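**Student:** So that we are looking at the same thing, I have put the structure below in structure tokens.
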Amino acid sequence: MSELGGLHHVTAITGDAKGNLDFYTRVLGMRLVKRTVNQDDVSAYHLFYADAKGSPGTDLTFFDWPLTPPNQPGAPGIGPIALRVGGRESLDWWAETLTKAGVEHGGIGERLGRESLAFSDPEGQRLELVADGGLAGGVPWKGSPVPAEHQVKGLHGVTLTSARPQLTERVLVESMGFRESGRRELPGGGTEHLLEVGPGGPGAEVVLSMPAELKYARQGKGGVHHVAYRVPDADTQLDWRERIQAAGLQPTPVIDRFYFKSVYFREPGGILFEIATDGPGFAADEPEEALGEKLALPPFLEPERERIEAGLIPI
């Protein structure tokens, strides 16, 4: 059976869709490639930011849940989200640009052998820009306010904080095919383990954080909902679903999200994982040049368009 191809997307939570759209497109320069709704809660926007084409592995998405309390980091939880940029020169550019935009950051540092720049969005969503050494990444967006050579190129990785970290690590390694490629001591005690899957490197990494003292998380706006891993097609996804089920992890049936197909499962440490297909992709219902400009609904929600639009605040 083929390996997982790395990260497909990360889905986070916002309580301010308009402000979220402004920050991720105007400040970070990502493209809004799909303006749709949460298919399980059509009162909420689901916004997808990515490269010019919405390529798998470049998607950072948000559910808009204004009434959700602020996120409280801890276990189980996901974050920071690491986004790929070019080399050190891109990090230097971003440090200056974020400062000019009034975004506080921690300066350029190193974590597990990767140069990175840590900061948060206006709702406290923890983010990192990580230098990928100039490796090939997503397709630059011509409409971005960010120069092509410094644009976000996709997902680099995520940090997982598990309520049962040893069991989470076992699932990642034994059931999902990850392998450890680095480790470091945490300043407050404990360790972080760098795990890779498939090709490894940018877009195929997770960091499993094992702090000496765990704090309980409260998921909310400014936090992350789930992380999705890539498979090329529906047949491979079914193979992976069988493997996950054989490991006793109770995956959902395949759910057709129209832009991709999804299987979800919660690992023993409480973190929600998804296995998603690379296709059909976001151009399934919009031409590439018009991605994200209008509210897009999958065919099964189209009959409800008038009702759904009436319940959404225009952004």
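The values are calculated or read from the model by the stated rules, or taken from the named source; none is laboratory data. Please read these numbers as outputs of a predicted model, since none were measured by experiment. Reconstructed Cβ throughout: ideal geometry from the backbone, glycine too, with neighbour counts over all protein chains shown.
**Student:** Looking at (1) surrounded by 14 or more Cβ atoms within 10 Å (Cβ to Cβ); (2) farther than 30 Å from residue 64 by Cα, can you tell me which one residue 221 breaks?
**Tutor:** (2)
**Student:** In a helix (DSSP H, G or I), among the hydroxyl-bearing types (Ser, Thr, Tyr), farther than 30 Å from residue 70 by Cβ and modelled with pLDDT of 95 or more: does that describe residue 277?
**Tutor:** no
**Student:** Another question, if that's okay. Answer yes if at least one residue in segment 252-268 is without any contact (Cβ under 8 Å) to a residue 12 or more places away in the chain, of a type outside the set (D, E, K, R) and in a loop (DSSP other than H, G, I, E, B), and no otherwise.
**Tutor:** yes
**Student:** Give segment 28-86 a look and list any residue that's over 17 Å from residue 159 (Cα atoms), in a strand (DSSP E or B) and basic (Lys, Arg), or say none. Break it down stepwise before answering.
**Tutor:** Our first condition is that a residue be over 17 Å from residue 159 (Cα atoms); within segment 28-86, this holds for 28-56, 62-70, 85-86.
Retained after the next criterion (residues that are in a strand (DSSP E or B)): 31-38, 41-50, 62-64, 70, 85.
Listed by number, the residues that qualify are 31, 34, 35.
**Student:** I need a count of the residues in segment 145-175 that are more than 18 Å from the chain's Cα centre (by Cα) and either assigned to a loop (DSSP other than H, G, I, E, B) or of a type in the set (Ser, Thr, Tyr) (or both).
**Tutor:** Residues in segment 145-175 being more than 18 Å from the chain's Cα centre (by Cα) and either assigned to a loop (DSSP other than H, G, I, E, B) or of a type in the set (Ser, Thr, Tyr) (or both): 7 in total.
**Student:** Counting only residues that are farther than 19 Å from residue 158 by Cα, surrounded by fewer than 20 Cβ atoms within 10 Å (Cβ to Cβ) and either touching an Asp or Glu at 6+ places or on another chain (Cβ under 7 Å) or of a type in the set (Ser, Thr, Tyr) (or both), how many does segment 240-277 have?
**Tutor:** Here the count works out to 2.
**Student:** Which condition does residue 213 not pass, out of (1) of a type in the set (Asp, Glu); (2) at pLDDT below 95; (3) in contact with a Phe, Trp or Tyr (Cβ under 7 Å, 6 or more places away or on another chain), if it passes all the others?
**Tutor:** Unmet condition: (3).
**Student:** Tell me which residues, restricted to segment 97-138, are at pLDDT 95 or above, out of contact with any Gly (no Cβ under 9 Å at 6 or more places or on another chain) and in a loop (DSSP other than H, G, I, E, B).
**Tutor:** 101, 102, 103, 104
**Student:** Kindly indicate the residue of segment 272-315 that is charged (D, E, K, R) and closer than 27 Å to residue 198 by Cα and also nearest to the chain's Cα centre (by Cα) among those meeting that condition.
**Tutor:** 274
**Student:** Looking at (1) out of contact with any His (no Cβ under 9 Å at 6 or more places or on another chain); (2) of a type in the set (Ser, Thr, Tyr); (3) in a strand (DSSP E or B), find the lone condition where residue 236 falls short.
**Tutor:** Looking at each condition in turn, residue 236 falls short on (3).
**Student:** I would also like to ask the following. Please go through segment 176-193 and give me each residue that is crowded, with 17+ Cβ neighbours inside 10 Å and part of a strand (DSSP E or B), ordered by number.
**Tutor:** 192, 193, listed by residue number.
**Student:** Could you say whether any residue in segment 9-31 is in contact with a helix residue (DSSP H, G or I) (Cβ under 6 Å, 6 or more places away or on another chain), over 22 Å from residue 300 (Cα atoms) and touching a residue at least 24 places away in the same chain (Cβ under 8 Å)?
**Tutor:** yes
**Student:** Residue check, residue 163 against (1) touching a residue at least 12 places away in the same chain (Cβ under 8 Å); (2) surrounded by fewer than 17 Cβ atoms within 10 Å (Cβ to Cβ); (3) in contact with a strand residue (DSSP E or B) (Cβ under 9 Å, 6 or more places away or on another chain), all met but one. Which one?
**Tutor:** All conditions are met except number (2).
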